[in-house]
Amino acid sequence: MPESKLHVVLLRSTPDPEEVIAQAAKLCYSPASIDDLKKQIESKNQANFIGKLTDMRHHSPLEHATFTFGVEGISRSCSHQIVRHRLASYSQQSQRYVGQQSGKTGGFHFVVPPGIDKIGKKTWFIEKMNIIQQWYDELTEALGNEGERAFEDARFLLPNAAETKIIITMNARELLHFIQVRCCNRAQWEVRELATEMLRQAKQVSPHIFKDAGPGCVNGACPEGKMTCGEMNEVRTRFKNLS
């Protein structure tokens, strides 16, 4: 039953995403044919155009570029927050088909919140996870110890701390929205860490689309109003320098 740590991999992204986005945006205003427009765009650097596009908030062309991430080492608590972003595709490891018995799989992995470690309760927390594992093993044994008929009921014992794995596909527009909401200091620590790492990796393959990406306060006033964290300058500096 090891403690899980966040691991994010950008599995795939649209090849030349900025060219695709530029084609979609310029098509709206150009009388040129698709082939001619394609040649014009491929012959030029689209960085300035992408910047103008995002400055104008003309975001619909961004939907033509997609990014697929493989994520592990997050809790079920975190994944419940992620799937609330509906304009995305998700494939998540099933607790119904994937057993978590200690004897066969080493038991369920779990995430320990930093706040619990900070107050000196990490050992206590791990002990409780071990107890839950014992309950899970006992119940799966009673249910037949094999296959979905056992796992689908035994999983009711598993905590929100239990690790999950998920593949996420978002278009660039939705990814920017996800980053804006979930990188905020007021977002839950785990999903904030995930969103920040997704942004870091997306910037590596598409630096101009995500050049100014970050929580809402990076490019304007804090959207949280009276609930602001009060650290806007620090947040802006951190995300401007994210690489």
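The values are calculated or read from the model by the stated rules, or taken from the named source; none is laboratory data. Small disclaimer: the values here were computed from a predicted structure and weren't measured. Neighbour counts run over all protein chains shown; Cβ positions are idealised from the backbone, glycine included. Calculation scope for accessible area: heavy atoms of the full protein, side chains included, ligands and nucleic acids excluded. Shrake-Rupley method; radii C 1.70, N 1.55, O 1.52, S 1.80 Å.
Some points to look at:
- Among all positions in the range 1-12, there is at least one residue which is touching a residue at least 40 places away in the same chain (Cβ under 8 Å), of a type in the set (D, E, K, R), assigned to a strand (DSSP E or B) and within 26 Å of residue 181 (Cα to Cα).
- Residue identified as among the polar types (S, T, N, Q) and more than 24 Å from residue 8 (Cβ to Cβ) among 241, 233: 233
- Residues of the range 180-226 satisfying the condition of being assigned to a helix (DSSP H, G or I), of a type in the set (D, E, K, R) and in contact (Cβ under 8 Å) with a residue 24 or more places away in the chain: 182, 190, 193, 197, 200, 203
- Taken over the range 59-104, the criterion of being farther than 29 Å from residue 212 by Cβ and among the basic types (Lys, Arg) is satisfied by 76, 96, 104.
- Members of the range 227-242 found to be within 17 Å of the chain's Cα centre (by Cα) and not in a helix (DSSP H, G or I), listed by number: 242
- For the condition of a type in the set (S, T, N, Q) and either in contact with a Lys or Arg (Cβ under 6 Å, 6 or more places away or on another chain) or buried (at least 16 other Cβ atoms within 10 Å of the Cβ) (or both), residue 237 does not qualify.
So that you can scan it fast, the table gives a plain yes or no per residue for (1) over 26 Å from the mean Cα position of the chain (by Cα); (2) not in a helix (DSSP H, G or I):
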position: 29; (1), (2): yes, yes
position: 45; (1), (2): yes, yes
position: 81; (1), (2): no, no
position: 99; (1), (2): no, yes
position: 108; (1), (2): no, yes
position: 112; (1), (2): no, yes
position: 117; (1), (2): no, no
position: 123; (1), (2): yes, no
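- Any hit, the range 155-169, residues being open to solvent by 40 Å² or more (accessible area, probe 1.4 Å) and part of a loop (DSSP other than H, G, I, E, B): yes
- Filter result for the condition that a residue is farther than 16 Å from residue 164 by Cβ and among the polar types (S, T, N, Q), over 81, 40, 92: 40
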